[in-house]
Structure formats: C-alpha cells, structure tokens
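Reading through the structure tokens given below for one structure.
The values are calculated or read from the model by the stated rules, or taken from the named source; none is laboratory data. Remember, predicted model here, so these are calculated numbers, not experimental data. Ideal geometry is used to build each Cβ from the backbone, glycine not excepted, and the neighbour counts take in all protein chains shown.
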C-alpha cells in the first residue's frame, strides 16, 4: 500500500476558518478579551455562511472570496466601531 499527501492542498484554508470564527465571535484582531460563547457563535455563523454558499452551488473561488470579504468587513467594523461610539458620546 502506498499512501501520499500533498502539502500544498492538505489543511487548505483551515487558518482562515479559525481566524474568521474568532473574529466573528467578537474577539478583536488587535488583542483583547472574548468569551467562548462568542467564538462558538462565530464558528456556527461561519459554517452556516459556508453551507449557504455551497447550497447555491457557487464556485469554490467565489466561496473563498465571499468569506474573505465578510472577514474584512467584520475587521473594519471592529476598527471603526469604537471611533464611531466615541464620536456619538461627545
């Protein structure tokens, strides 16, 4: 029996899933505290987004682009949120 593994494709995008789930769960990319329940919510949200995209039979490249765009939007909201909140409180 001959088994092999291609390092270029094994574990594809698992780092994106992990980072996205944590960020969607509310933990800041610049450090800070978070709750395990938030991370669980982020994991479920990201999985649901993935399942919807697969159910719509979109190409895998579009799937990654959509999930990457969502990740970027969440990070931008985390950056802009405190600034907007401080301006509204003045």
Open item on the list: I'm checking my understanding of the structure. Among residues of region 39-78 that are within 15 Å of residue 23 (Cβ to Cβ) and touching a residue at least 40 places away in the same chain (Cβ under 8 Å), which one is farthest from the chain's Cα centre (by Cα)?
Closed with: 78
- [ ] Only residues that are touching a residue at least 12 places away in the same chain (Cβ under 8 Å) and either crowded, with 16+ Cβ neighbours inside 10 Å or within 8 Å of the chain's Cα centre (by Cα) (or both): list them for region 15-37, please.
- [x] 16, 17, 19, 20, 21, 22, 23, 24, 25, 26, 27
Open item on the list: Among the residues of region 63-84, are any out of contact with any strand residue (DSSP E or B) (no Cβ under 7 Å at 6 or more places or on another chain), in a loop (DSSP other than H, G, I, E, B) and at pLDDT 80 or above?
Closed with: no
Open item on the list: Would you confirm, using the coordinates I've provided, whether residue 88 is part of a helix (DSSP H, G or I) and either within 12 Å of residue 24 (Cα to Cα) or under 10 Å from the mean Cα position of the chain (by Cα) (or both)?
Closed with: no
